[in-house]
């Protein structure tokens, strides 16, 4: 009888201890979207973190890209939201970001390896905060269905070919191969500006203030506008959505309906998996504009800590783990991403799980980093760049859909940018 009482008491004590442990466990929520397999990869990595840190539970909320771009800003503005979020509008989210510096194990490691990208994630006027790191460095650029070129017997434009030369070539290929879409481009301001900057757009004045509508911008806009009117681009892609809505052409490309797809390096993992050996696909260097500039846009998704978190120490511990060189190297390699970590980039990565086409595409995009225009870097680092991107795509989209002229679109873009920046500064 005494033994039974002892066992019961021991079990009760153990239960209370476990209850106390469970109550002491801190939950960290991460809002995460994926382009390819990176959600699976980070989930696997976080399981290892939890095994090593029993006092922290990490909940990975995998959400659509649209939820990150449209719903998350509304949540953050109301004081709600996750502890950490994977975002692309780095400047827009920066005001809600937590400065991790006081909580990090070694802030100098972050400065050394993420230094050039830290300003992209800082609130306006802040020159020292460490709020997150790049889950990948992306570079915009085209993918080409090489098989369609071969089947049509048309030579692919070579290095330093212009956008206009590519436009003519893909239209000819599409006609011969009966492909519905000669050229597809993400309905994204980021993707459009790779064309505009290559056409000479400067985006900013001498004081660093937005001066978006210049001759280079107009050349880029007219090129895209004309493509939609002469059949190089099809209105059913950009015209299927309105306002600032994003529209990609991933499905159309993987189904061999697109000759050339202007998107970017983040698509490599997805195409490696979804295209398989259905056709030969390649990445090509950024086409050149009429002024001799041949530039994509840098970018990427940052993992950013949110300042409304009630557990900054736990958040910093999760971020330190994910940003550590061994963990981040594995994440980049398994996700087929261009590293946004200087140390890893210098050493290089062995993308063991990648196919030949994927490895070749990764090399093309990695080589493009050195070719990016200073204007492109400046625009990517500008805290209000999302306002510029959204105004451009909304108003240019209206002109393409026949809701006004290009000149009217230019005036509205200028007005939208000025008004929205003024509102943000209130």
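Here, each number is a calculation from the coordinates, and none is a lab measurement. Predicted, not measured: the structure shown is a model, and the values here were computed from it. We place every Cβ from the backbone using ideal geometry, glycine too, and count neighbours over all the protein chains shown.
Taking 0.692 mPa s as the viscosity and 37 °C as the temperature, the Stokes-Einstein diffusion coefficient of the range 183-233 based on its alpha-carbon Kirkwood radius rounds to 288 µm²/s. How tilted is helix 215-230 with respect to the longest principal axis of the chain? Cα atoms for both, answer in degrees (0 to 90, nearest 10). Helix 215-230 sits roughly 80 degrees off the main axis of the chain. Between residue 71 and residue 425, the C-beta separation translates, for a Förster distance of 25 Å, into a calculated FRET efficiency of about 0.60.
Residues 266, 227 in ascending order of nearby Cβ atoms (within 10 Å, fewest first): 227, 266. Using the Cα gyration tensor of the range 40-199, with a ≥ b ≥ c the square roots of its eigenvalues, what is the shape: rounded (a/c below 1.5), prolate (a/b larger than b/c) or oblate (neither)? Prolate is the answer for the range 40-199, as a/c is 1.5 or above and a/b outweighs b/c. Helix 163-177 and the longest principal axis of the Cα set of the chain meet at an angle near 90°.
Given axes a ≥ b ≥ c from the Cα gyration tensor, I'd like to know whether the range 317-409 is rounded (a/c under 1.5), prolate (a/b larger than b/c) or oblate. Taking the square roots of the gyration eigenvalues as a ≥ b ≥ c, the range 317-409 is prolate. A Gaussian network model of the chain, with springs between Cα atoms under 10 Å, assigns the largest mean-square fluctuation among 297, 121, 185 to 185. On the beta carbon distance between residue 236 and residue 370, with R0 = 30 Å, the FRET formula returns roughly 0.25. Using DSSP, restrict attention to beta bridges with both residues in the chain and report what percent are antiparallel, rounded to the nearest 5. Among the beta bridges of the chain, antiparallel pairing accounts for roughly 60 percent.
The angle between the Cα long axis of helix 2-24 and the longest principal axis of the Cα atoms of the chain comes to about 30 degrees, rounded to the nearest 10. Dividing the mean sequence gap of close Cα pairs (under 8 Å, 6+ apart) by how many residues the chain holds gives a relative contact order of 24 percent.
When both the range 353-367 and the range 276-333 are represented by their alpha-carbon centers, they are found 15 Å apart.
Note on the chain: helix-only mean residue ellipticity at 222 nm, from DSSP H runs of 4+ residues weighted -39500 (n - 2.57) and normalised by residue number, equals -14500 deg cm²/dmol. Full extension of the segment from residue 40 to residue 255, taken as 0.36 nm per residue of separation minus the current Cα-Cα distance, would add 75.0 nm. Quick check: from the Cα gyration tensor, does the range 255-392 come out rounded (a/c under 1.5), prolate or oblate? Judged from the Cα gyration tensor, the range 255-392 comes out oblate (a/c at least 1.5, b/c at or above a/b). Take every Cα pair under 8 Å whose residues are at least 6 apart in sequence, average their separation, divide by the length of the range 321-425, and the relative contact order is 17 percent.
Counting neighbouring beta carbons within 10 Å and listing from fewest to most, the residues 405, 138 come out as 405, 138. Per-residue extension of 0.36 nm, minus the Cα-Cα distance of residue 61 and residue 222, leaves a gain of 53.9 nm for this segment. Computed from the C-beta positions of residue 311 and residue 214, the FRET efficiency with R₀ = 45 Å rounds to 0.45.
Remark: C-alpha extents of the range 235-316 on the principal axes read 49, 37, 28 Å, sorted largest to smallest.
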